[in-house]
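Derivation of every value follows stated rules applied to the coordinates shown; laboratory data play no part. Remember, predicted model here, so these are calculated numbers, not experimental data. Cβ sites come from the backbone with ideal geometry, for glycine too, and all protein chains shown count toward neighbours.
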Amino acid sequence: MRLRNVKGSREEIAASEFTINNPEEHKGRWNEVFGNDRPIDIEVGMGKGRFITDMALAHPDRNFIGIEKYSSVLIRALEKRAELDIDNLLFIRMDAENIEEVFAKDEVSGIYLNFSDPWPKDRHAKRRLTSRQFLKRYDNILKKDGKIEFKTDNRDLFDFSLEEVSEAGWNLIAHTFDLHNSDMNEGNIMTEYEEKFSSMGNPIHKMIINR
Ligand code: SAM
């Protein structure tokens, strides 16, 4: 993803009522932050936040936290968030490598990974959000019956992820190499990248996993 430096975005994000600064202070107590006991779903690498925002609107009975490393895209999600009268959507600016410092064991009910950066060089494999190293981190925060849903148009990343799922001992509940022409597409909420790549004719791959 090409990132423009959006001037002042870091300060604006820190000042927003929808961003949680020092998120590690809420580890194990995210229900207090939301003020209720609804299940908490997260999207890791949410970009400009279209997917997680539409999920929050579609599921008012759940809470959502969007996680994004870069201020320059997170700021776009905040702009949209400010127009909405909902109480179930918050954001964290952080590198997901530290996710276990922010969420306690069994604190997260669902994890969404959408069009994650492919990191094509072998030596960067552990940075891929579906690598065994990341699956281990998710294992430490996801409820026992929790699921991860992953979408991408990148076939190499999808094939790598299928191997990692098996290596890490997770179960492949369902998968498709052409989401938009499969029965897994029912209720599908599109991401920014999904819209862009599917309109170019790229088939979208999706897997749902648990352990
Ligand atoms: N999920 C969005 C979509 O489908 O439209 C954005 C996809 S974009 C290709 C991937 C996003 O993941 C980028 O905004 C990037 O900054 C973010 N990202 C990648 N690695 C991350 C990490 N370790 N922690 C947090 N965000 C990360």
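A few notes on this one:
- As a ratio to 2.2 N^0.38 Å, the alpha-carbon radius of gyration for the chain is 0.97.
- Taking the helices alone, the chain has a mean residue ellipticity at 222 nm of -8000 deg cm²/dmol, built from -39,500 (n - 2.57) per DSSP H run of at least 4 residues and averaged over all its residues.
- Sparse packing (at most 11 other Cβ atoms within 10 Å of the Cβ) combined with a DSSP loop state is found for the following GluC sites (Glu not before Pro) in segment 163-211: E186.
- Taking the Cα atoms of segment 35-142, the ratio Rg/Rh between the radius of gyration and the Kirkwood radius comes to 0.97.
- Protection proxy ranking, peptides 58-69, 134-145, average beta carbon neighbours within 10 Å, highest first: 58-69, 134-145
- Applying the Karplus relation 6.51 cos²θ - 1.76 cosθ + 1.60 with θ = phi - 60° to segment 194-211 yields 3J(HN,Hα) values of 4, 4, 5, 6, 6, 5, 8, x, 6, x, 9, 9, 9, 10, 10, 10, 8, 9 Hz, where x marks Gly and Pro.
- Shape box of segment 123-211 [Cα atoms, principal axes, largest first, Å]: 36, 32, 20
- Violating pairs (Cα-Cα greater than 24 angstrom) within the set K80/K206; K27/K136; K147/K196; K80/K121: K80/K206; K147/K196; K80/K121
- Each Lys and Arg Cβ is given +1 and each Asp and Glu Cβ -1; about its Cα centre, the chain then shows a dipole of about 640 debye.
- Taking the chain as a Gaussian network of alpha-carbon nodes connected by springs under 10 Å, the highest mean-square fluctuation of the residues G201, G146, G28 belongs to G201.
- Listing S16, S198 from fewest to most neighbouring C-beta atoms within 10 Å gives S198, S16.
- Centre separation in Å (Cα based) which lies between segment 137-174 and segment 183-211: 15
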